[in-house]
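Peer 1: Quick one: this structure, given as structure tokens, is what I'll be asking you about.
Where a number appears in this text, it was derived from the coordinates with a stated rule and is not lab data. Note that the structure is predicted; figures quoted are calculated from it, not measured. Reconstructed Cβ throughout: ideal geometry from the backbone, glycine too, with neighbour counts over all protein chains shown.
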Amino acid sequence: MENEKRDYQVCTNCVMDTTDSKITFDEKGVCDHCRNFEKNIRPYWNPNENRMEELQKIADKIREAGKGHDYDCILGLSGGADSSYLAYIAKEVMHLRPLAFVVDTGWNLNVAVENIEKIVKGLDLDMYTEVINWKEMADLQLSFFKAQISSQDFLQDHAIFASLYNYATKHHIKYVLTGSNNATEFIRPPVEWIYMNDIRMMRDIHNKYGRIPLKTFPQCGMFKYRLIYKYIYGMERVYPLDYVVYNKADAEIMLHNKYGWERYENKHYENVFTRFFEGYYLPTKFGFDTRKNVYSNQILAGTMTRDEAIELLKQPAYDPDMMEQDKEYIAKKLGISTEEFEKIIAGENKTPQDYKNTFWLIKLAVKACKLLGIENRNIR
């Protein structure tokens with residue numbers, strides 16, 4: 001891999017490093033993620049400004065489109081800070097009638113379930129839960145482990161977003177609210193760490209290693225949701241957190257005080273599979289640590305210093321004893337022994353390029369989005 005051919009280097013401004021094999025540095029040692037932020041994001045982003053007039057205009061459009069329907073929008077609720085605060089903004093600030101959409105992939109921890117219940121009850125929301133067929137989910141996830149690629153959490157992410165988009169269009173809900181936001185996502189994980197939505201790759205891997213037909217597993221490729229759902233069905237994704245002052249730490253305090261919401265140890269750790277994937281599998285097998293892009297986002301947002309990030313990165317991503325428990329639990333749920341699971345993890349690393357994929361189309365779409373001004377982050 002490219003990152004094995006170059007000397008190790010870490011950005012002098014954030015904590016992204018050469019584990020992102022395509023990272024570049026200027027003469028001062030500042031990485032291209034930071035330079036892109038300074039050029040294409042910071043000039044248009046004011047973290048201390050509430051754009052309430054713009055947000056209310058969007059809310060008016062959503063309410064108008066929702067007349068005569070039970071709900072005027074839908075939002076995915078995971079129990080994490082972003083989606084929980086989004087639910088608060090949608091109901092209490094935008095005064096919308098959102099349907100809270102929850103996807104049960106079989107891995108959520110009790111804290112996530114409890115947070116969802118607290119937010120739904122506290123905001124008096126209607127909730128719909130989509131339960132993914134466990135046999136299909138487990139067969140797919142075991143197939144991905146056997147495929148030896150880094151993107152093990154792709155399947156959960158896909159199941160969640162595909163379920164949400166498919167439900168919205170089926171029930172004629174035009175507006176999908178998302179908790180994605182500039183304040184926490186200036187730097188996304190490089191594609192080689194966490195590969196993007198690629199149904200062709202998913203099907204090829206499952207054909208090679210799977211045993212159970214995918215009869216009900218939700219699927220929604222980029223062509224479907226970017227083009228068909230948007231331009232034929234009229235589905236629109238809205239990003240309310242980009243219109244309000246969103247300091248995650250302050251939001252977490254508010255959610256706790258107002259609704260009893262509880263924070264997680266790290267971003268996405270509401271889910272045992274994701275905790276194991278990000279905390280052990282990625283850094284141990286591939287050398288990829290997603291805390292680096294999370295902390296780098298916080299450094300750029302001014303909510304963490306670089307020194308603080310460096311100190312945190314010296315610590316294990318999560319408790320080693322908990323990791324061993326998670327490993328045993330995941331192996332058992334996937335229907336294999338811990339020893340067999342460890343043997344699979346120790347196999348030869350591969351990439352999506354070892355399977356049929358549509359990466360060329362994804363790169364083309366990303367380039368188009370950047371040209372149109374829809375995307376301003378580094379995505380490669």
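Peer 1: Assign one of three labels to segment 220-288, namely rounded, prolate or oblate, based on the Cα gyration tensor with a ≥ b ≥ c the square roots of its eigenvalues; rounded applies when a/c is under 1.5, prolate when it is not and a/b is larger than b/c, and oblate otherwise.
Peer 2: Oblate, since a/c reaches 1.5 and b/c is not below a/b.
Peer 1: Order of Ile344, Ile160, Ile119 from fewest to most other C-beta atoms within 10 Å?
Peer 2: Ile344, Ile160, Ile119
Peer 1: Compute the distance in nm between two label points, each set 7 Å from the Cα along the Cα-to-Cβ direction, one at Asn257 and one at Glu340.
Peer 2: 5.2 nm
Peer 1: Mind checking the dipole of the chain: about its Cα centre, +1 per Lys or Arg Cβ, -1 per Asp or Glu Cβ, Debye to the nearest 20?
Peer 2: Here the chain has a charge dipole of around 1440 debye.
Peer 1: What is the distance, in nm, between label points placed 7 Å from the Cα along the Cα-to-Cβ direction at Arg200 and at His171?
Peer 2: Using points 7 Å along Cα→Cβ, the separation is 3.3 nm.
Peer 1: For the chain, which longest stretch is free of loop sites, where a loop site is one of the GluC sites (Glu not before Pro) that DSSP puts outside H, G, I, E and B and that has at most 12 other Cβ atoms within 10 Å?
Peer 2: Here the longest run is 50-347.
Peer 1: Return the distance in nm (one decimal) between the two label points of a simple spin-label model at Ser180 and Gln56, each offset 7 Å from Cα along Cα→Cβ.
Peer 2: 2.8 nm
Peer 1: I've got another one for you. Could you give the size of the charge dipole of segment 196-308 about its Cα centre, using +1 on the Cβ of each K and R and -1 on the Cβ of each D and E, expressed in debye and rounded to the nearest 20? All intermediate terms of the calculation are to be shown ahead of the outcome.
Peer 2: Details: 18 positive and 13 negative charges, 148 e Å.
I would put it at about 720 debye.
Peer 1: Please enumerate, by chain and number, the lysines with C-alpha under 25 Å from the C-alpha of Lys57, excluding those fewer than 8 residues away in the same chain.
Peer 2: Lys67, Lys91, Lys174, Lys230, Lys248
Peer 1: So if each residue of separation counts as 0.36 nm, and I subtract the Cα-Cα distance between Tyr44 and Glu348, what length gain in nm does that give?
Peer 2: Length difference between fully extended and current span is 105.1 nm.
Peer 1: Still on this model: Work from the charge dipole of segment 88-219 (Cβ charges, +1 for Lys and Arg, -1 for Asp and Glu, about the Cα centre) and give the residue of Val111, Phe217, Gln141 farthest towards its positive end.
Peer 2: Phe217
Peer 1: Report the FRET efficiency, 1/(1 + (r/R0)^6), for Asn110 and His69, where r is their Cβ-Cβ distance and R0 is 51 Å, rounded to 0.05.
Peer 2: Computed FRET efficiency for Asn110 and His69: 0.95.
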